[in-house]
Amino acid sequence: MDNLIFACLWRQIGFTERKLRDYWHDAMVHEGKQSDSGIHIKLSHENPVAHVVVRLGVSPAHLTFNISDKNAGKAVASAVVRWVVVDDVFMHPTQTSRKEASVPPDKDLLVIVQAPGYKRCFYTDPSSPSEPTLRLQSGEERTLDAELDAN
């Protein structure tokens, strides 16, 4: 795992994993307190320098979304993609209306696509249709094609 070292002078900085990778879902723990907003470092004249080690994990997987109307074949601009990371500890929900997203690798993802005026769609990986989850490797890129049925 790579380490980055930052020297910060004369200001207060809050580092969050989300700023480094937009797919982080595990809460950070600092001094026994759980926080998803990161660790804040206060610098002053008495403490003008802080050395911060940021441990970067594995690269995220990347999803591109192609969502269309099943009957018309046209793109559905109002679509929202939600995914839930399913593991043995927590269920971490995330959503986006963008056309692409970085997602955590090596995790089971339950992917849900929906848009106003359409039935909700649960994405099933064509390579494993019996499994309701999608699992991508670090750095893997996948295009998710979904056709929505009108209500």
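FYI, it's all coordinate maths here, none of it is from the lab. The model shown is predicted, which means the values in this text are computed figures rather than measured ones.
Starting from the alpha-carbon convex hull of segment 61-148, give the projected area averaged over all orientations, in nm².
Values: hull surface 22.9 nm².
Approximately 5.7 nm², given one-decimal rounding.
Could you tell me the relative contact order of segment 31-151? Use alpha-carbon pairs under 8 Å, at least six residues apart, and round to a whole percent.
Details: 210 pairs, mean separation 36.2, N = 121.
Here the relative contact order equals 30 percent.
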